[in-house]
Amino acid sequence: KNEVEQSPQNLTAQEGEFITINCSYSVGISALHWLQQHPGGGIVSLFMLSSGKKKHGRLIATINIQEKHSSLHITASHPRDSAVYICAPEETSGSRLTFGEGTQLTVNP
Amino acid sequence: EAQVTQNPRYLITVTGKKLTVTCSQNMNHEYMSWYRQDPGLGLRQIYYSMNVEVTDKGDVPEGYKVSRKEKRNFPLILESPSPNQTSLYFCASFSYSYNSPLHFGNGTRLTVT
């Protein structure tokens, strides 16, 4: 069983819709990373958070350490948001990172 | 410009021929790590290093070696590549000191025939 569960695996939305991607994990963590991977392969870090909530532009990430759950929200989605979104909890001991399988987001105009 | 540089971007080789994929960062990051990405399996950690001369196995270390002699460099060595090591490889780094996010290299697409 994967230690990190992301949902949904695939998500198709219309431009302007509010998007939520969920991540649940089973290990104790010191931080959790949200990553974005566009077609062509490059990976960009969107957020690193260890508690509460962070916001960058239209993107919001939240984490509940007690419930071992994090969410990534995209407000007013746009076709350029189409990408794979990956959550990666960072274990408390030794900084081992595990990865969710990713959520493929497609935003149609 | 702050970056993680991986080379080469593409590499085709034959079974058993030793190769090295280089990774260098210019941000004075303590932590560096190697991952491979395969369809349906996502990203998996190969090795990581929390500082100079400190390396640890990740989830899939078999068939790989690393070294961290200097803070900026973290090469990935395949002593005897096999076809099951055909994959997309990423190097990444971050700093504990100033709580930085992960910085990824552009990836190396390796094909072993």
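FYI, it's all coordinate maths here, none of it is from the lab. For clarity, every value in this text was computed on a predicted model and none was experimentally measured. Reconstructed Cβ throughout: ideal geometry from the backbone, glycine too, with neighbour counts over all protein chains shown.
Any idea what the alpha-carbon Rg over 2.2 N^0.38 Å comes to for region A:28-88?
For region A:28-88, the normalised Cα radius of gyration comes out at 1.13.
Per residue and in cubic angstrom, what volume does the convex hull of the Cα atoms of region B:1-92 have?
93 Å³
Which net charge results for the neighbourhood of A:Asn64, defined as the other residues with beta-carbon distances under 14 angstrom from its beta-carbon, given Lys and Arg at +1 and Asp and Glu at -1?
+2
Which parts of region B:87-113 would a label at B:Lys17 reach, counting a residue when its backbone N lies under 13 Å from a point 7 Å out along Cα-to-Cβ?
Label zone hits: B:111-113.
Check the straight Cα-Cα distances from B:Lys57 and name the lysines below 26 Å, setting aside those fewer than 8 residues away within the same chain.
List returned: A:Lys1, A:Lys68, B:Lys17, B:Lys18, B:Lys65, B:Lys69, B:Lys71.
List the chymotrypsin sites (Phe, Trp or Tyr not before Pro) within region B:6-113 that DSSP assigns to loop and that have no more than 11 neighbouring Cβ atoms inside 10 Å.
B:Tyr98
What does the extension gain come out to for B:Met50 and B:Arg9, with contour length at 0.36 nm per residue minus their alpha carbon separation?
12.3 nm
Using only the alpha carbons of the protein assembly as shown, determine the length spanned along each of the three principal axes and report them from longest to shortest in whole angstroms.
50, 39, 36
Evaluate the distance, in nm, between pseudo-label points positioned 7 Å from the Cα of A:Ser30 and of A:His78 along their respective Cα→Cβ axes.
3.5 nm
Assign unit charges at the C-beta atoms only (+1 for Lys and Arg, -1 for Asp and Glu), then state the dipole size of the protein assembly as shown relative to its Cα centre in Debye, rounded to the nearest 20.
I would put it at about 460 debye.
From largest to smallest, what semi-axes in whole angstrom does chain A give when each is the square root of 5 times an eigenvalue of its alpha carbon gyration tensor?
Each semi-axis is √(5λ); the values are 23, 14, 12 Å.
What value in Å³ per residue do you get for the convex hull of the alpha-carbon atoms in region A:1-51?
Dividing the Cα hull volume of region A:1-51 by its residues yields 123 Å³.
Quickly work out the B:Lys57-to-A:Asn22 label distance, labels modelled 7 Å from Cα along the C-beta direction, and quote it in nm with one decimal.
Roughly 3.5 nm, to one decimal.
Which of B:Asn51, B:Ser93, B:Thr22 sits farthest toward the positive end of the charge dipole of chain B, with +1 on the Cβ of Lys and Arg and -1 on the Cβ of Asp and Glu?
B:Thr22
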